[in-house]
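What follows is calculated from the coordinates using simple rules that are stated; it is not laboratory data. Just so we're clear, the structure is a prediction, and the values are computed from it rather than from any experiment. Here the Cβ positions follow ideal geometry from the backbone for every residue, glycine too, while neighbour counts run over all protein chains shown.
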Amino acid sequence: MSDAAPRQRVIIDANSKLIMPRHIKMRHDTERGRWIILAPERLFDPDDVAVEVLKLCDGDRSVKDIVTMMAKEYNAPEGEISIDIITMLQDLSDKGVVVAQ
């Protein structure tokens with residue numbers, strides 16, 4: 001039995017500033033022409049939008065900043081894409097792919 005405390009879930013919101021931990025790597029697989037996320041004993045296959053969002057997760061930008069940038073890039077309403085981006089980042093946070101700064 002381990003004495004380690006269970007990992008507490010971080011709730012992602014518009015003010016969260018996220019970054020990929022050092023042990024998580026995002027690489028472009030040139031043979032397959034797609035981006036992949038490498039984690040210890042796991043591999044993630046993010047879609048194109050997820051890749052663009054993750055590239056912006058630098059620990060300095062808030063989720064709101066990322067939503068604003070993506071809304072301009074894709075000419076989409078911030079209110080609509082905010083929910084999708086927060087949901088995606090929450091899922092990735094729960095899997096340890098991104099962490100809050």
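In debye to the nearest 20, how big a dipole does the chain give about its Cα centre with +1 on each Lys and Arg Cβ and -1 on each Asp and Glu Cβ? Each step should come with its number before you reach the end.
Numbers: 14 positive and 18 negative charges, 75 e Å.
Roughly 360 debye, rounded to the nearest 20.
Counting only other residues whose beta carbon sits under 14 Å from that of Ile11, what net charge do I get with K and R as +1, D and E as -1? If you can, show how the numbers build up before the last one.
Details: positive: Arg7, Arg9, Lys17; negative: Asp13, Asp91, Asp94.
Overall, the nearby charge balance is 0.
Assuming a ≥ b ≥ c are the square roots of the Cα gyration tensor eigenvalues, decide whether the chain counts as rounded (a/c under 1.5), prolate (otherwise, with a/b larger than b/c) or oblate. Intermediate results must be reported in sequence, preceding the final value.
Values: a/c = 2.24, a/b = 1.21, b/c = 1.84.
The shape class here is oblate.
For Trp35, what residues show an amide H to amide H distance below 5 Å, using hydrogens built from the backbone and excluding near sequence neighbours?
Asp29
Under 15 Å from the Cβ of Gly96, count the other residues' Cβ atoms, weight Lys and Arg +1, Asp and Glu -1, and hand me the total.
Numbers: positive: Arg7, Arg9, Arg22, Lys25, Arg42, Lys95; negative: Glu41, Asp91, Asp94.
Taking every other residue near Gly96 into account, the sum is +3.
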